[in-house]
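> Take a look at this one; I'll ask things after.
Taken together, the values in this text are just the output of simple stated rules run on the coordinates, not laboratory data. This one's a predicted model, so the numbers in the text were calculated from it and none came from an experiment. Note that each Cβ is placed from the backbone with ideal geometry, even for glycine, and that neighbours are counted across all protein chains shown.
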Amino acid sequence: FQKEQVDPLQLKLQQVNGVGQGLIQSAGKNCDVQGLEHDMEEINTRWNTLNKKVAQRVAQLQEALLHCGKFQDALEPLLSWLADTEELISNQKPPSAEYKVVKAQIQEQKLLQRLLDDRKATVEMIQAEGGRIAQSAEPADREKIVGQLESLERRWAGLLGRAAARQKQLEDILVLAKQFHETTEPVSDWLTVTEKKLANSEPIGTQTAKIQQQISRHKALEEEIESHAADVSGAVAVGQCLSSLSCAAERRLLAERLGALQSRYGEVRERCCRKAALLDQALCNARLFGEEEVEVLNWLAEVEDKLGSVAVKDYKRDVLQKQHADQLALNEEIVNRKKNVDQAIRNGQALLKQTTGEEVLLIQEKLDGIKTRYSDITAASSKALRTVEQARQLATKFQSTHEELTSWMSKVEDELVSSGAQSPAGEQIPQFQQRQKELKKEVMEHRLVLDTVNEVSRALLELVPWRAREGLDKLVSDTNERYKLVSDTIKQRVEEIDAAIQRSQQYEQAADAELAWVAETKRKLMALGPIRLEQDQTTAQLQVQKAFSIDIIRHKDSMDELFSQRNEIFGTCGEEQKAVLQEKTESLVQQYEAVSQLNSERYTRLERAQVLVNQFWETYEELNPWIEETQVLISQLPPPAIDHEQLKQQQEDMRQLRESIAEHKPHIDKLLKIGPQLKDLNPEEGEMVQNKYSKAEAMYAKIKEEVCQRALALDEAVSQSTQFHDKIEPMLETLESISSRLRVPPLIPAEVDKIRECISENKNATVELEKLQPSFEALKRRGEELIGRSQGVDKDLAAKVIRDKLDQMVFFWEDIKTRAEEREMKFLDVLELAEKFWYDMAALLTTIKDTQDIVHDLESPGIDPSIIKQQVEAAETIKEETDGLHEELEFIRLLGTDLIFACGETEKPEVKKSIDEMNNAWENLNKTWKERLEKLEEAMQSAVQYQDTLQAMFDWLDNAVIKLCNLSPVGTDLSTVKEQMNEMKEFKMEVYQQQIEMEKLNHQGELMLKKATDETDRDIIKEPLTELKHLWENLGEKIAHRQHKLEAALLALGQFQHALAELMAWLTHTEELLDAQKPINGDPKVIEVELAKHHVLKNDVLAHQATVETVNKAGNELLESSAGDDASSLRNRLEKLNSCWESVLQKTEEREQQLQSTLQQAQGFHGEIEDFLLWLTRMESQLSASKPTGGLPETAREQLNAHMELYGQLKAKEDVYSQLLAKGRLMLLNRDD
């Protein structure tokens, strides 16, 4: 939007501002430009508003881009705007010296400043955001961003500085321009008015009064003129100051304005001075003469003034004609005034007659002056008229001749331009050339017209004023330059045409000469003979051919020069001449190329022949002696030696010979390559060449074959010797190393995998030996061959050394084989023993673990003795099967002993450890069996005891009920009742003792219920216990009923005090029992027994509740019937009774709660202890059942992971163990014992 619509508007606005400033500057003084200025200000204001909105929108968009991370997208539009603004500032017009224009420029600068201010926030935002982005950017990106920000800051600062500098410059100029405008405008207006006053001033009067009035008015005008001198000086000073701040163009304009102002002021002052002089003279004349004489004198003065300023005004004919007419009119006026002058003189002479004294002299002097002045005026007028006439004639002649010359030059220039734009072609060329010659003649003809213009202008220059001379001189100079340009152009074209004609003639002559040379050269080349194959003859032929080549090259330069002019020459020729020249040129090109190709081919062949001939004969002369020498040398070579050093020397000699052969191989290749080429050049002489190089090739091949055979034999001998000596030492070292390794007693491991690894390592030695088998056999065979080639072991020391090394190698070989076999047999024996041991032990451990798992998985001991008996029989059966593993255990122990004896010392502890683990597993199994049988035996005893106790309790209950039923009825006398109560006490004591047993039996039954998992077993236990509890409760009710009867009988017999004493005694005894009981901690069984005892006591206490109520009832009845002290004593005893009863009830309840709480704690603690012990038992079983440590890393890693898992479980239970230990210690501290 900004580029398509806003930016074009800115260019249009600049154009509008420029046009407006021009209109304001060129407006007249009285022209009203306020409306135009108002319109420009309104346009600029609206532009400012639009631009501000656009800048705000751009800032918002750039800020949004920055927030989105588009730093470059936000920076690029700003940089583009900066470039546009910099270009705008660069294209601004320089400050004007015109006040109104400066005002408009300041408005435009304010507009630019607003643009900069609107962009300031965007620049600061981008700088801040760019700095933040640069801190977190990569080094390369950071350097780029920092550079962009520095460039932005530098350009922005430069933009602001340039704008501020222009604003300050405009403001400084505005002050001076305003001052200059305010100073010069009034002065200019005043000058215009004053000039009009002087031009339109009334004629000088003839009467003294009138003249005096005119003089007084003129003096006022003089004073007014003098008063404006300071204004003119001030305007000039301000203009000079303004000029120092303006540009060169403005300085010129200012200088012109100031010059015009000073010139106008000077001219006004001068005219004013002349008018004042005329008025003074008119006044003097009026005092002496009458009005007619005065009028004549005034006229004379005015005419003298006019003639004094007469001069040729311009060189233009119209101006001079007008001036001539004016001068002619003035001259006629002077002639016509002759009568008035004569009349004035006559009047003056008449006045002389009437005048006396000094006035006569004055009048006579004036009269003489009139005659003289009129004569001078007449002469001056005639002279001026002649001058103007002469100037008019010259101007007329100048203008006519100048117009004639410029008209011709314009026509010729147009023709030259049109003919220069389109080059002539074809048939137009002759016409063009003819026209150029005609123009040359016209130039010469118009030279006279130019001379006339120059002569007339020189004469006219002497007459015209200096201000007009510059324009005339410039006009004449321009005319001469135009003529010279036209003349030079036509002259150049004519010369070019002549030169082109001459060049075409020369071109044709040169082409004919070259064609003749080409034909002669071709004839000579065809006459040359075939190429010779002798060196001197080939060289002579090449020299002749070089001469031809030089000549062809020399003519090639001439032809190239000729061809380079072809297009130019063809362009200046007509069609007919062009066709002839083109045909000759093409023929010349074809013939020259044919001759050049012929010469080049022969010269190339000769050069090639010379090189090949020289190379062939030089190579042959160098190769032939070497072949003869080498043949002799090969025939004298000795057969291959046996000694290694001699073989090396022979091989070195052979290497040198092969190098010599290889060095001469290029000679053969060169002969074979060059020979056929020479034969192709000259088949006749090529037969001799072919015989030469064929013979050399055959001899060289024979030498090479013999040398190759000899070299192969030497290489084979050296190879055999070198390979034997190079390989025998490493072989001996390897065999010795293997033998030494096998001599070291092996460290036999106990694990199967390790034994297999040892066997594999031992087999590696055998495999290594097998790998060395080919080398061993080859060395052995090669050594025998070397010994066989020698003179014998006894005579040849080298052969003896080889025999010793062979024997040593064979000894090591056999020793390694023997020791490896022995070690392998030993390893195999131990492997068989280890496999049987570890396999049997693993199987036995698995069986022990499985048996142990079976024992752990057996049912818990039953409830019924018959079931327990079956479980015991089943366990004994499994135990007998397990005992059968003892023989296998002993066998494995024997295997382990043998394995310990067979394996190495480092492996023995591992085998012992495994045997110990097996023994531990066996002991753990026996221990598990023992615990199982003990549990079954204990369960059997508990079950039998429980059944016996239960049956005994049933029997006792039956006897107790019978005994209670057999008691005598309650007596009616006191002694019987007391006896029955004592009897009842004894019976209750017996029941009390049995109630403890009853509680034990209940507790045991509850424990068995907890152990019972089958519902049938639970019913077997529950039914007898329920029946027993029912019988027990029935017995308790009968005892209580009997007790109540006895107490009621006792009270009925009036024995309240006795009953009260008995009840108090029982309460006191019971309370003492409750107080004497101590807190119990620790074993739940002990606490359960105490709780059972307490239940018996509680039941006894609850059984006495009815007795307490009966005694209280009887006591209350006695209180109602008693009085005085007896009642008070009875009440106290009843209160004591009730108090004791409440205390016993409370203590009984507290004791029960205490025992139940203690029982719960003890049961919880013992439950946790049992769970922890059970977990410890399982952990011991897992540790006991763990396998021996594996030899492989994978096995050991798995075992380590399993053990670490057990260790983690143990660490997790450490806190539980500490808590249980702390609880147990606390319970021990709380026990009294």
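> Determine the relative contact order of the stretch 637-719: mean sequence separation of Cα pairs under 8 Å and six or more apart, normalised by residue count, in whole percent. Numbers along the way, then the final one.
Values: 46 pairs, mean separation 35.7, N = 83.
RCO, the stretch 637-719: 43 percent.
> Calculate, for ALA1212 and GLU138, the FRET efficiency according to 1/(1 + (r/R0)^6) with r their C-beta to C-beta distance and R0 45 Å; round to the nearest 0.05.
Working: r = 52 Å, r/R0 = 1.16.
The formula returns an efficiency of 0.30 here.
> By a straight-distance test (C-alpha under 22 Å), which lysines pair with LYS556 as possible cross-link partners, with residues fewer than eight away in the same chain excluded?
Cross-link targets: LYS522, LYS524, LYS546, LYS584.
> May I ask which of LYS849/LYS913; LYS52/LYS110; LYS704/LYS727; LYS411/LYS491 have a Cα-Cα span longer than 24 Å here? Don't skip to the answer; put the middle values down first.
Numbers: LYS849/LYS913 18 Å; LYS52/LYS110 13 Å; LYS704/LYS727 32 Å; LYS411/LYS491 17 Å.
As for pairs spanning more than 24 Å Cα to Cα, those are LYS704/LYS727.
> OK, next. Could you state the per residue volume, in Å³, of the convex hull enclosing the Cα atoms of the stretch 729-831?
Normalising the Cα hull of the stretch 729-831 by residue number yields 83 Å³.
> What list of ³J(HN,Hα) values in whole Hz, one per residue of the stretch 925-935 in order, does the Karplus curve 6.51 cos²θ - 1.76 cosθ + 1.60 (θ = phi - 60°) give from phi, with Gly and Pro shown as x?
5, 4, 5, 4, 4, 4, 5, 4, 5, 5, 4
> State the Cα centre-to-centre distance between the stretch 78-145 and the stretch 646-678 in whole Å.
85 Å
> Starting from the Cα of VAL961, step 7 Å along the direction of its Cβ; do the same at VAL544; then give the gap between the two resulting points in nm.
So the two model labels end up 17.2 nm from each other.
> Given an 8 Å cut-off on Cα distances and at least 6 residues of separation, report the relative contact order of the stretch 528-630 as a percent.
Working: 32 pairs, mean separation 55.2, N = 103.
Normalised by residue count, the contact order of the stretch 528-630 is 54 percent.
> Moving on. Of LYS930/LYS1213; LYS978/LYS1078; LYS988/LYS1011, which sit over 31 Å apart, Cα to Cα? Show your work: numbers first, answer last.
Numbers: LYS930/LYS1213 28 Å; LYS978/LYS1078 35 Å; LYS988/LYS1011 34 Å.
Over 31 Å apart, Cα to Cα: LYS978/LYS1078; LYS988/LYS1011.
> Let me ask you something else. Cβ under 14 Å from GLN240's Cβ, GLN240 left aside: what net charge do those residues give with Lys, Arg +1 and Asp, Glu -1?
On the way: positive: ARG251, ARG252, ARG257; negative: GLU250, GLU256.
So the environment of GLN240 carries a net charge of +1.
> Among 96-108, 621-633, how do they line up by average Cβ neighbours within 10 Å per residue, starting with the highest?
Ranked from most to least packed, the peptides come out as 96-108, 621-633.
> Of ASN919, PRO969, TRP929, which is farthest on the positive side of the dipole of the stretch 904-1062, counting Cα position, with +1 on Lys and Arg Cβ, -1 on Asp and Glu Cβ, and the Cα centre as origin?
PRO969
> Of the listed peptides 231-239, 887-895, what is their order by residue-averaged count of other C-beta atoms within 10 Å, with the highest listed first? Numbers along the way, then the final one.
Working: 231-239: 18.8, 887-895: 15.0.
Going from most to least packed, we get 231-239, 887-895.
> Taking K and R as +1 and D and E as -1, what net charge do the other residues with C-beta under 13 Å from the C-beta of GLN852 add up to?
Residues close to GLN852 contribute a combined charge of 0.
> Residue separation times 0.36 nm, minus the C-alpha to C-alpha distance between ALA229 and LEU88: what's the value? Mind dumping the intermediate values first?
Working: separation 141, 0.36 × 141 = 50.76 nm, distance 4.37 nm.
Extra length available between ALA229 and LEU88 comes to 46.4 nm.
> Setting aside same-chain residues fewer than 8 positions from LYS383, which lysines have a Cα under 27 Å from its Cα?
Excluding near neighbours in sequence, the set is LYS275, LYS306, LYS313, LYS316, LYS322, LYS338, LYS339, LYS366, LYS371, LYS397.
> R0 = 51 Å: FRET efficiency of GLU1023 with ASN1201, Cβ-based, nearest 0.05? Could you put the intermediate results ahead of the total?
Details: r = 54 Å, r/R0 = 1.06.
FRET efficiency, GLU1023 to ASN1201: 0.40.
> Can you figure out the FRET efficiency of ASN614 with GLN505, using R₀ = 45 Å and their beta-carbon distance, to the nearest 0.05? List each step's numbers first, then the result.
Values: r = 51 Å, r/R0 = 1.13.
Plugging the Cβ-Cβ distance into 1/(1 + (r/R0)^6) gives 0.30.
> What does the extension gain come out to for ALA249 and SER1129, with contour length at 0.36 nm per residue minus their alpha carbon separation? Before the final figure, lay out the partial values.
Working: separation 880, 0.36 × 880 = 316.80 nm, distance 15.16 nm.
Residue separation times 0.36 nm, minus the Cα-Cα distance, leaves 301.6 nm.
> Take the cross-link list LYS196/LYS219; LYS1000/LYS1029; LYS1038/LYS1136 and give me the ones stretching past 19 Å between alpha-carbons.
On the way: LYS196/LYS219 17 Å; LYS1000/LYS1029 13 Å; LYS1038/LYS1136 29 Å.
Where the Cα-Cα span goes over 19 Å, the pairs concerned are LYS1038/LYS1136.
> Take the Cα radius of gyration of the stretch 1056-1184 and divide it by 2.2 N^0.38 Å, with N its residue count; two decimals is plenty. Show your work: numbers first, answer last.
Numbers: Rg = 23.3 Å, N = 129, 2.2 N^0.38 = 13.9 Å.
The reported ratio for this selection is 1.67.
> Rounded to the nearest whole Å³, what is the per residue volume of the convex hull around the Cα atoms of the stretch 528-630? Each step should come with its number before you reach the end.
Values: hull volume 10.0 nm³, N = 103.
Enclosed volume per residue, from the Cα hull, is 97 Å³.
> Also: What list of ³J(HN,Hα) couplings, whole Hz, do you get for the stretch 767-774 from phi and the Karplus terms 6.51, -1.76, 1.60, once you set θ to phi - 60° and write x for glycine and proline?
5, 4, 5, 5, 5, 7, 4, x
> Continuing with the same structure: Using the 10 angstrom Cβ neighbour count as an exposure proxy, how do GLU195, GLU508 rank, fewest first?
Details: GLU195 14, GLU508 17.
Exposure proxy ranking, most exposed first: GLU195, GLU508.
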